[in-house]
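See below for the structure under consideration.
The values are calculated or read from the model by the stated rules, or taken from the named source; none is laboratory data. In this text the structure is predicted, and so the values were computed from the model without any measurement. No Cβ is skipped: glycine too gets one built from the backbone with ideal geometry, and neighbour counts run over all protein chains shown. For the accessible areas, the whole protein counts, side chains as well, though only heavy atoms, and no ligand, DNA or RNA atoms are used. Shrake-Rupley method; radii C 1.70, N 1.55, O 1.52, S 1.80 Å.
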Amino acid sequence: MDLNVGWFILLGLLLAGYAVLDGFDLGAGILHLIARTDRDRRLFMNAIGPIWDGNEVWLITFGGALFAAFPMAYATIFSGFYVPFMALLFALIFRAVSIEFRSKMASAFWRGAWDMGFFGSSLLASFLFGVAVGNSMIGIPLNERGAFTGTLVGLLSPYALMAGLTVVAMFAMHGAMYLFLKLPKGDMQDRIGNWVWHTWGLFLVLYVLGSMYTLVAIPRATANFERHPWAAAIVILNVLAVANIPRSVFRNKPFQAFVSSGVTIMALVFLFGLALWPNLVTASNDPAHSLTIYNAASSPKTLWIMFIIAATGMPFVLSYTIAVYWTFRGRVELREHSY
Amino acid sequence: MFDVVVLSRLQFALTIMFHYLFPPLTIGMGVVLVYLEGMYLWRREAIYETAARFWTSLYAVSFAVGVATGIVMEFEFGTNWAAYSRFVGDVFGSALAAEGIFAFFLESGFLAVLVFGWDRVTTRFHFVATIMVSLGSIFSSIWIVVANSWQQTPAGHRVTAVLRDGQPWIVDGITVLRAELVDFWTAVLNPSTLNRLTHTLIGAFVLGSFFIMSISAYYLLRGQHEDFARRSFTGGLLFATIASLAALVSGDSNARMVARYQPAKLAAFERHFNTGPANFFFIPGGLSLMLEGDRRAEVVGLDRIRPEYRPPVLPSYWSFRLMVGLGVFFIAITLYASWLRWRGTLFEKRWVLWVFVLAVAGAFAANELGWAAAEVGRQPWIVHPGVGHNEAGRIVFDTDGFVQYRLEEGLLTRNAVSESVDRSEVLGSILMFGLMYALLFWIWIYVLNDKIQKGPQPVHARERTTTQSFFDTAAGRTLHEESLSEAKEP
């Protein structure tokens, strides 16, 4: 295994880490308006309060690692998706501000406005991630220098929009699972219990439709299974994880349900990586223009140095991420320092 | 006139200057928080905890805005400067990724403990978390200054053809080039890194301490929280005096470095058009004296820089001049205030306190102006090419008398933008950032003001009357549950 492959896997892990972790707090945002009273809305925000910021760092580190390991792909993706990424930045900043400032003033108008902001920005960010994934799956037009030559409208194809909706449903489901775990027992938690079912059902429908659409429309996505038949195990794991969600909810094991939705997301990220492999950006017009893990990579020396940096840093990152989650374990309570 | 290059530069300037209001403030304040929590652990006096909680609440709001606006910066290298990213990714990307792995996780993880952990973790663990956040923000500044310094004075790399299937990659008859890392530590410790990092951190300490003095002076003028304000002001003043003096020393050292590696920038700072003895401000021959120890020594002027490689003179000149002017003002005012404090009359001099209430604006401005001078002075290059030096370390000139650049190492800003992005898209995003940052700025000021008006809340009255340390320890944890340091509206 060479370093290029190693970095492809590492980026996959960072992306999976991001999707699983920020997925539930984006999901909590998508479900935010279900809570009607101020207390319930504060409970929602405080359930993700101490950790959403750290979760977002996975995205930033993913971006930085992509820049360092595959600068050609970083440049193409970020400049090609200019408008969607600006919208994403708008959503991420607006969301941070909504969470941070909502409860600083007592006015109902102030709080209502930030509640809408939190909901809207979480929804928009999740949708845009899905659109980006969808476009990566179908490929985008690139010129011989590897620069994007398409249009904004071209990025909003039916497949990309469908991927956007699927990610929204997936994060909403994951968020519902998380809230079910973290909210104090009572009315609100019961209602979220119902939403676990709604969001799971919606995700299931979109997941099945999306899988069929992919099989029909993107033959390249499944080509890698012929070379790597063992990957079918991940598909089976994925299906089992999806099926285990209602089972664990029914048996009143919310933590197991949350882990299952996390595994579902990780399996999907894996399948996404496998569908792309060995491309990072697939050129829809001419396969020769595609950016692969070899022609888009940094020099072997940089890949090696970056590998040492990641190998030194990530154990620390994981250990204090766990320490922070451990500190804030248990069901959420409203305290004087809460949002 | 307003093409993609100009608009992308405008957008970068807008977003970085707004972002940069926050990092130096939080880096500077972080050190103070570590001190306060350390003192509380050691002395167990309630006032330290009261102070730590109050400043942490202001710190956290500023930190949050800094993080939110920081994401934009990382995206913009790719969105607006794709050609630049392709050229420098091998070197610059590594520093950025290291920042993510070593700094961002540390900051964001422990910031949660800092803000939400008061009544969930022990005082000792809270102290550790404060150190971690403070260290994280310093690590962050190290990596980003490393990355930026490499753009100013590149080292430890070579510019070479991009290979595809082992062959140089040629598009339309042009070989695609990029910078590749040769020696990591040489790139990290390039000729300007240490000078610029020191100056950046000192700037942050100046801002952090002036921020604390500004709010304390405001309380003193209004006769509120006087004990707290006097102690905070005194601590801030000591820190600010040392930092202001250090800025002078480090600034001098930076000037020598710039003279050697970026002569065009230094000439623009001083509007030094004709090679020969150079002035420093109004001191004839001052710059020559500083650099060479001789007032008549020759300093390279803009006349020895090829016209197409000269930076915009007026913005460089004014931002540099104002930064230095503010630095001198900080030294004067902190020394004067220290003298008054020593004589014990400082807190009676209302006009001095008023100066300190307002001086924090100058500290923000000095940090911004320093960076504006550094970045505008680098133009028209986005990656500055190396300057030829002879064995004695003197600048080498081409046969036609102009400063010799290793041109293949440099990248011009106008060649660095994204080819997939057009004017209207950048115009749209500038508008978006402009509106959003205006809103963000307003909210930040509003919330800061709200917290300042409420003021520090005494942690607990009992602690001050209890003398037995026995009680302190026993009460240490439970007292937190009842404290009011950051009361929320119900």
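Points to keep in mind about this one:
- The mean count of C-beta atoms from other chains within 10 Å of the C-beta of residues in B:348-355, rounded to a whole number, is 0.
- Net charge dipole, the protein assembly as shown: roughly 1560 debye, given to the nearest 20, about the Cα centre with Cβ charges of +1 for Lys and Arg and -1 for Asp and Glu.
- Of A:ALA221, A:ALA172, A:ALA16, the one that fluctuates the most in a GNM where chain A has Cα springs shorter than 10 Å: A:ALA221
- Computed accessible area, A:LYS253, all protein chains, 1.4 angstrom probe, square angstrom: 80 Å²
- Degrees, to the nearest 10: A:82-101 long Cα axis against longest axis of chain A: 20 degrees
- When only alpha carbons are used to place a centre, segment B:364-408 and segment B:59-95 end up 24 Å from one another.
- Fraction of accessible area attributable to carbon and sulfur, chain B (%, probe 1.4 Å): 64 percent
- Calculated [222 nm] ellipticity per residue, helices only, for chain B: -22000 deg cm²/dmol; basis is -39500 (n - 2.57) per DSSP H run with n ≥ 4, divided by all residues, nearest 500.
- The 1.4 Å probe gives accessible areas that order B:ARG124, B:ARG378, B:ARG394, B:ARG341, largest first, as B:ARG124, B:ARG394, B:ARG341, B:ARG378.
- For segment B:122-150 versus segment B:20-47, the gap between their alpha-carbon centres in whole angstrom: 13 Å
- Pair B:ASP183, B:ARG423: separation of 7 Å Cα→Cβ label points (nm): 4.7 nm
- Residues considered: A:ALA275, A:ALA296, A:ALA231. Largest GNM mean-square fluctuation over chain A, using C-alpha springs under 10 Å, is found at A:ALA231.
- Here segment B:234-249 is scanned for amide nitrogen atoms under 18 Å from the site 7 Å beyond the Cα of B:LYS349 along Cα-to-Cβ, giving B:234-242, B:244-245.
- Peptide A:47-58 is shielded by partner chain Cβ atoms: per residue, an average of 5 of them sit within 10 Å of its Cβ.
- Inter-label distance, nm, simple model (7 Å from Cα along the C-beta direction), B:PHE281/B:ARG230: 3.5 nm
- Per-residue average of Cβ from other chains inside 10 Å of B:118-129: 2
- Chain B: equivalent-ellipsoid semi-axes (sqrt of 5 x gyration tensor eigenvalues, Cα, Å): 44, 28, 20
- Area of B:MET17 that stays accessible when all protein chains are in place (1.4 Å probe, Å², to 10): 80 Å²
- For the set A:LYS104/A:LYS182; B:LYS349/B:LYS454; A:LYS104/A:LYS185; A:LYS182/B:LYS454, the pairs lying more than 29 angstrom apart at their alpha carbons are A:LYS182/B:LYS454.
- Both radii were evaluated on the Cα set of segment B:70-169; the Rg over Rh quotient, with Rh as the Kirkwood radius, amounts to 1.16.
- Buried area at the B-A interface (accessible, heavy atoms, 1.4 Å probe, summed, Å²): 7200 Å²
- When the Gaussian network model of chain A links Cα atoms closer than 10 Å, the mean-square fluctuations of A:MET314, A:MET45, A:MET306 top out at A:MET314.
- Both radii are taken from the alpha-carbon atoms of the protein assembly as shown; with Rh as the Kirkwood radius, Rg/Rh is 0.98.
- Farthest positive-ward along chain A dipole, Cα basis, beta-carbon charges - from A:PRO141, A:LEU165, A:PHE328: A:PHE328
- Relative to the dominant Cα principal axis of chain B, helix B:4-19 is inclined by about 20°.
- Between segment B:161-185 and segment A:124-176, the alpha-carbon center distance in angstrom: 31 Å
- Relative counts (whole %) of C-alpha pair distances in chain A, using bins that are 10 Å wide: 5, 25, 34, 24, 10, 2, 0
- Helical mean residue ellipticity (222 nm; -39500 (n - 2.57) per DSSP H run of 4+; nearest 500) of chain A: -26000 deg cm²/dmol
- For segment A:61-165: relative contact order, % (alpha-carbon pairs under 8 angstrom, 6 or more apart): 28 percent
- Of B:ARG423, A:ARG111, the order by accessible heavy-atom surface (1.4 Å probe, DNA, RNA and ligands excluded), from most exposed downward, is B:ARG423, A:ARG111.
- Rounded, prolate or oblate (a/c below 1.5 giving rounded, otherwise prolate when a/b exceeds b/c) for segment A:195-326 by Cα gyration tensor: oblate
- The calculated FRET efficiency for A:THR312 paired with A:ILE9, based on their beta-carbon distance and R0 = 22 Å, is about 0.80.
- Karplus-derived 3J(HN,Hα), 6.51/-1.76/1.60, for each residue of segment B:235-243, Hz, glycine and proline x: x, x, 5, 4, 4, 5, 5, 4, 5
- Ordering A:328-335, B:48-55, B:329-336 by mean Cβ neighbour count within 10 Å, with the highest value first, yields B:48-55, B:329-336, A:328-335.
- Crossing angle, helix B:313-343 versus chain B [Cα axis fit, 0-90 degrees, rounded to tens]: 30 degrees
- Probe 1.4 Å, protein heavy atoms only - accessible area per residue of the protein assembly as shown in square angstrom: 40 Å²
- Label-point separation, B:LYS454 to A:ARG335 (7 Å along Cα→Cβ), nm: 1.6 nm
- FRET efficiency for the pair B:ASP294 and B:LEU14, taken as 1/(1 + (r/R0)^6) with r the Cβ-Cβ distance and R0 = 35 Å, rounds to 0.25.
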